[in-house]
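Chemist: Below is the structure I would like to discuss, written out as structure tokens.
The values are calculated or read from the model by the stated rules, or taken from the named source; none is laboratory data. Nothing here was measured: the structure is a model prediction, and the numbers come from that model. Counting neighbours? That spans all protein chains shown, and the Cβs are built from the backbone with ideal geometry, glycine included. Please note that ligands, DNA and RNA were not included when accessible areas were found on the heavy atoms of the full protein model with its side chains. Shrake-Rupley method; radii C 1.70, N 1.55, O 1.52, S 1.80 Å.
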Amino acid sequence: MDQKNLVIIGSGNLAHALAIRWLRSERISRLSVLARSQKFLSQGWNEALRRRVTYDPAILGGAHLVVLAVKPKDAMAALHQVAHHAPNSAVILSVVAGISVAKIRSMLPTMGIVRTMPNICSEVGRSVTGYSLDGIADTDRDHALLLLSELGDAIETPEAWLDPMTALFGSGPAYVLEFIGSIVNTAVNLGLDRDVARQLALRMVVGTGELALTESGHTLGDIQQRVVSPGGTTEAMLRVLHTQRWPEIMESALHAAGHRAQELGRETAGSIHPA
Ligand SMILES: NC(=O)c1ccc[n+]([C@@H]2O[C@H](COP(=O)([O-])OP(=O)(O)OC[C@H]3O[C@@H](n4cnc5c(N)ncnc54)[C@H](OP(=O)(O)O)[C@@H]3O)[C@@H](O)[C@H]2O)c1
């Protein structure tokens, strides 16, 4: 059992997913949430989680590891709180889109830094999480990696990858659900029951992912071709997707998310006030 104090700053969507997952883990016991308001707490935070919530930043004084889970616009103010209250020996683990290690370092000159990009599937231990490390001792790194491994697959990446990974995998569950939502709506229009269509669509996506993961020696195109019979239904569907420029639409959407991640980093650039 991990005896280190973990403090999550923020009580929004991602903070909730992380807290739920880490509290389910038998390895993590000392977890607190530093909230700013009750806004999100009335939306799905159960009693066990609420008991972990405080509004007093002094909680940071006993932290071994601080998880920064606020919006980019609030990150500098929250980092200022960390600089003021947390011990120099603490580690900061940021999940904030667009806030670079250099910006965090400018506020926290001596702390070990883990910049990460998980996604909301953390709640069920199925996130794909990129991370970059800076100025962190070996034992602190091992502790941080233990926490990330509870969320799903974690992979160390160059920091430059984290903005694209934000678009592709941090935001990813949203476009996957957009895609699944289209299938469900069409199924309903074709006469299927909505709940049945939802179950089938979700299981199809999970099944397709598992098949492709199992067959990692084959290209995605090879696996796709196994579904396509000449003159058949799949071919008709793929023709419409390509005629209506689905690949280009997806690429534009993902680029928009990537550019936004970079903008968010720049928008906070003026608000750095080292403690
Ligand atoms: N949501 C995702 O799927 C996802 C995935 C990957 C990365 N991220 C990153 O995770 C971060 C949080 O995203 P989110 O979707 O969870 O946002 P969110 O739902 O808006 O939650 C942000 C939370 O931070 C709180 N907060 C702000 N300043 C604070 C402070 N000084 N002390 C304590 N709490 C403070 C807010 O308080 P109030 O309740 O008072 O507003 C709110 O509860 C973002 O930087 C985002 O880039 C999110």
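Chemist: Only one of (1) modelled with pLDDT under 95; (2) more than 9 Å from the ligand (Cβ to nearest atom) is not met by V66, so which one is it?
Modeler: All conditions pass for V66, except number (1).
Chemist: So is L168 of a type outside the set (D, E), touching a helix residue (DSSP H, G or I) at 6+ places or on another chain (Cβ under 7 Å) and closer than 24 Å to R260 by Cβ or not? First the steps, then the outcome.
Modeler: On the way: of a type outside the set (D, E): yes; touching a helix residue (DSSP H, G or I) at 6+ places or on another chain (Cβ under 7 Å): yes; closer than 24 Å to R260 by Cβ: yes.
For L168, the condition - of a type outside the set (D, E), touching a helix residue (DSSP H, G or I) at 6+ places or on another chain (Cβ under 7 Å) and closer than 24 Å to R260 by Cβ - is met.
Chemist: Could you check the range 1-30 and list, in sequence order, the residues that are within 15 Å of the ligand (Cβ to nearest atom) and surrounded by fewer than 20 Cβ atoms within 10 Å (Cβ to Cβ)?
Modeler: G12, N13, I20
Chemist: If P87 satisfies every condition in (1) open to solvent by less than 70 Å² (accessible area, probe 1.4 Å); (2) near the ligand (Cβ under 10 Å from one of its atoms); (3) at pLDDT 95 or above but one, which is the exception?
Modeler: (2)
Chemist: If I filter the range 112-161 down to residues being of a type in the set (D, E, K, R) and outside any helix (DSSP H, G or I), which single residue comes out as nearest to the ligand (Cβ to nearest atom)? Spell out how you get there, then give the answer.
Modeler: Taking the range 112-161 and keeping what is of a type in the set (D, E, K, R), we get 115, 123, 126, 134, 138, 140-142, 150, 153, 156, 159.
Then drop every residue that is not outside any helix (DSSP H, G or I), which leaves 115, 126, 134, 153, 156.
Working: R115: 11, R126: 13, D134: 18, D153: 15, E156: 17 Å.
Looking at residues that are of a type in the set (D, E, K, R) and outside any helix (DSSP H, G or I), I get R115.
Chemist: Taking the stated definitions as given, is G62 surrounded by 14 or more Cβ atoms within 10 Å (Cβ to Cβ) and out of contact with any Leu (no Cβ under 9 Å at 6 or more places or on another chain)?
Modeler: Considered against the rule, which asks whether it is surrounded by 14 or more Cβ atoms within 10 Å (Cβ to Cβ) and out of contact with any Leu (no Cβ under 9 Å at 6 or more places or on another chain), G62 comes out as yes.
Chemist: Specify which of the listed residues (P164, P109) is part of a loop (DSSP other than H, G, I, E, B), surrounded by fewer than 22 Cβ atoms within 10 Å (Cβ to Cβ), away from the ligand (no atom under 13 Å from the Cβ) and in contact (Cβ under 8 Å) with a residue 40 or more places away in the chain. Quick ask: steps written out before the conclusion?
Modeler: Numbers: P164 fails: part of a loop (DSSP other than H, G, I, E, B).
So the residue among P164, P109 that is part of a loop (DSSP other than H, G, I, E, B), surrounded by fewer than 22 Cβ atoms within 10 Å (Cβ to Cβ), away from the ligand (no atom under 13 Å from the Cβ) and in contact (Cβ under 8 Å) with a residue 40 or more places away in the chain is P109.
Chemist: Is it the case that some residue within the range 23-35 is more than 20 Å from A90 (Cβ to Cβ) and touching an Asp or Glu at 6+ places or on another chain (Cβ under 9 Å)? Talk me through it step by step, then tell me what you get.
Modeler: Here is the first cut: in the range 23-35, the ones more than 20 Å from A90 (Cβ to Cβ) are 23-26.
Retained after the next criterion (residues that are touching an Asp or Glu at 6+ places or on another chain (Cβ under 9 Å)): 24-25.
Yes, the range 23-35 contains a residue that is more than 20 Å from A90 (Cβ to Cβ) and touching an Asp or Glu at 6+ places or on another chain (Cβ under 9 Å).
Chemist: Separate question: Among the residues in the range 33-56, are any of a type in the set (G, A, S), open to solvent by less than 70 Å² (accessible area, probe 1.4 Å), touching a helix residue (DSSP H, G or I) at 6+ places or on another chain (Cβ under 6 Å) and modelled with pLDDT of 95 or more?
Modeler: Taking the range 33-56 and keeping what is of a type in the set (G, A, S), we get 35, 37, 42, 44, 48.
Narrowing further to those that are open to solvent by less than 70 Å² (accessible area, probe 1.4 Å): 35, 37, 44, 48.
Those still in the list that are touching a helix residue (DSSP H, G or I) at 6+ places or on another chain (Cβ under 6 Å) too: none.
No, that holds for no residue.
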